[in-house]
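The values are calculated or read from the model by the stated rules, or taken from the named source; none is laboratory data. Here the structure is a predicted model, which is why all the values come from computation and not from measurement. All Cβ positions, glycine included, derive from the backbone under ideal geometry; neighbour counts span all protein chains shown. For the accessible areas, the whole protein counts, side chains as well, though only heavy atoms, and no ligand, DNA or RNA atoms are used. Shrake-Rupley method; radii C 1.70, N 1.55, O 1.52, S 1.80 Å.
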Amino acid sequence: MVTNRVEHLYFHIPFCAQICPYCAFYKHTPGKLANAAFVEALLDEVEVSTKGLEIMPKTLYFGGGTPTLLSRKHLGRLLEGLHKRLDLSAVEEWTFEANPATFNYDKASLLRDHGVNRISLGVQSWHPETLRLLGREHSPEEAREAFSILREVGFDQLNIDLMFSVPDQSLAQWEADLDQVIALQAEHVSAYNLTYEEDTDFFKQLQAGRFREDSDEDALQFHAAIAKLESSGYRHYEISNYARPGAESKHNQAYWAGRDYLGIGPGAVSTIGSERWKNVADTAAYVRQMREDGWAEKDECERLTRDQKRMELIALQLRTAGGVPLDVIDMNGEVDRQMLINEGMIKEREGRVLLTEKGKPLADTVALELIG
Ligand code: SF4
């Protein structure tokens, strides 16, 4: 029997202090849920789901939700529990997502002391009006304070999440946001174009005509990010991601390379070999099932065909600076490929297909053309 070796683990902590109106992740306010029971359920799932797999994590990623919303006590229990259950000696990168105003020096030190070596800070903007519109609970000052606490504690791998093409956000404001992260010397910047996801308040506002999409403005702000960040020493290594040399996210690079990963927690997705499944996206049910049945339901299970995996790989790798190897792209797509080259959307270099500057803001559309 072949045992799958899994080197990438994702943990989903679905709690948020308040819900941002653009967010489509599985999340909710903590309500009356007992965090102690939630942490025990996560640790039980680690034990159950790793049976029959060879687990040797190189990267761990705690996302959500807001993982740092867990109290110091519960975070401590979770981190200690993981050290007891997993061999973490090969971990190269351990990321926690954090929102400003959800941690202090004490909590940040706890993470550091348990081996977390990278923090992704959800700042989104340095402008009070933009933060208000995005429903963020922190102020620009709190974001700066959070950044300096993380530095003080000793984190030397910090990502800052920013968002552009937000309603009423001017190009000058966006450039000022970029200047702030450059001045802070964050090692990594994720700059996301706001998207209007179904089942969000922003999507309703878009449909009601109160917000509008503008692809020209999107492209302008996208290229402003590339220009500013690249001229400040960041490498644009994926459509939404920029890093100082050596500070690229190892965990996300594993996703983009199509590697196996195990997801733990309510709503978390796993892909191992040709199997993909999603844990029940209901925290109360997840905790109850783990406690009573020793396992939690899967909302969705699918067997991926070779062709599905290949198409996913094209879509993911096209977004990266390394592009897609030509042999991953079906030869049947050659006509479309030539058309995309003629349109100036892609180029071929050293046996790989890469997006051009013109093609980058349209990465997903170009990928669909290539997949055919
Ligand atoms: S804090 Fe993050 S996960 Fe929570 S609602 Fe806002 S964007 Fe979504």
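Determine whether K27 is within 16 Å of the ligand (Cβ to nearest atom), charged (D, E, K, R) and either open to solvent by 20 Å² or more (accessible area, probe 1.4 Å) or over 20 Å from I119 (Cα atoms) (or both).
On the way: within 16 Å of the ligand (Cβ to nearest atom): yes; charged (D, E, K, R): yes; either open to solvent by 20 Å² or more (accessible area, probe 1.4 Å) or over 20 Å from I119 (Cα atoms) (or both): yes.
For K27, the condition - within 16 Å of the ligand (Cβ to nearest atom), charged (D, E, K, R) and either open to solvent by 20 Å² or more (accessible area, probe 1.4 Å) or over 20 Å from I119 (Cα atoms) (or both) - is met.
Results for (1) assigned by TED's automatic domain parsing to the domain that holds P30; (2) touching a residue at least 12 places away in the same chain (Cβ under 8 Å), shown as yes or no for each residue.
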{"site": "D218", "(1), (2)": "yes, yes"}
{"site": "A224", "(1), (2)": "yes, yes"}
{"site": "A227", "(1), (2)": "yes, no"}
{"site": "G263", "(1), (2)": "no, yes"}
{"site": "A285", "(1), (2)": "no, yes"}
{"site": "G294", "(1), (2)": "no, yes"}
{"site": "D299", "(1), (2)": "no, yes"}
{"site": "T320", "(1), (2)": "no, yes"}
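Taking the options V123, V116, name whichever one is open to solvent by less than 30 Å² (accessible area, probe 1.4 Å) and within 13 Å of the ligand (Cβ to nearest atom).
Numbers: V116 fails: within 13 Å of the ligand (Cβ to nearest atom).
Of V123, V116, the one residue that is open to solvent by less than 30 Å² (accessible area, probe 1.4 Å) and within 13 Å of the ligand (Cβ to nearest atom) is V123.
Between A183, A172, A176, which is touching a residue at least 24 places away in the same chain (Cβ under 8 Å) and either in contact with a His (Cβ under 7 Å, 6 or more places away or on another chain) or farther than 28 Å from M345 by Cβ (or both)?
One residue alone meets the criteria, A176.
Which residues, taken from the stretch 65-102, are open to solvent by 30 Å² or more (accessible area, probe 1.4 Å) and within 16 Å of the ligand (Cβ to nearest atom)?
L69, E97, N99, A101
Please go through the stretch 218-252 and pick out each residue that is of a type in the set (S, T, N, Q) and in contact with a strand residue (DSSP E or B) (Cβ under 8 Å, 6 or more places away or on another chain).
Our first condition is that a residue be of a type in the set (S, T, N, Q); within the stretch 218-252, this holds for 221, 231-232, 240-241, 249, 252.
Passing the criteria: Q221, S240, N241, S249, N252.
H138 versus (1) in a loop (DSSP other than H, G, I, E, B); (2) open to solvent by 30 Å² or more (accessible area, probe 1.4 Å); (3) within 16 Å of the ligand (Cβ to nearest atom): which is the lone unmet condition?
(2)
Kindly check whether there is at least one residue in the stretch 154-177 that is more than 16 Å from the ligand (Cβ to nearest atom), in contact with a helix residue (DSSP H, G or I) (Cβ under 8 Å, 6 or more places away or on another chain) and of a type in the set (A, V, I, L, M).
yes
Looking at the stretch 254-372, what strands (runs of 3 or more DSSP E) fall wholly within it and have at least 2 residues that are more than 30 Å from E40 (Cα to Cα)?
Numbers: elements: 262-264, 269-272, 275-279, 298-303, 346-349, 352-355.
Passing ranges, in order: 346-349, 352-355.
Please find, within the stretch 334-351, the residue that is nearest to H223 (Cα to Cα) out of those that are buried (at least 17 other Cβ atoms within 10 Å of the Cβ) and modelled with pLDDT under 95.
From the stretch 334-351, those buried (at least 17 other Cβ atoms within 10 Å of the Cβ) are 336-337, 340, 345-346; that's our starting set.
Now restrict to residues that are modelled with pLDDT under 95: 336-337, 340.
Values: D336: 25, R337: 24, L340: 20 Å.
By that ranking, first place goes to L340.
L33 fails exactly one of the following numbered conditions: (1) away from the ligand (no atom under 16 Å from the Cβ); (2) under 23 Å from G294 (Cα atoms); (3) at pLDDT below 95. What is the number of that condition?
(1)
Looking at the stretch 134-150, I want the residues that are assigned by TED's automatic domain parsing to the domain that holds G65 and touching a residue at least 40 places away in the same chain (Cβ under 8 Å) and have a partner that is more than 16 Å from the ligand (Cβ to nearest atom) and of a type in the set (S, T, Y) with Cβ atoms under 6 Å, at least 6 apart or on another chain. Which pairs are those?
I149/Y105
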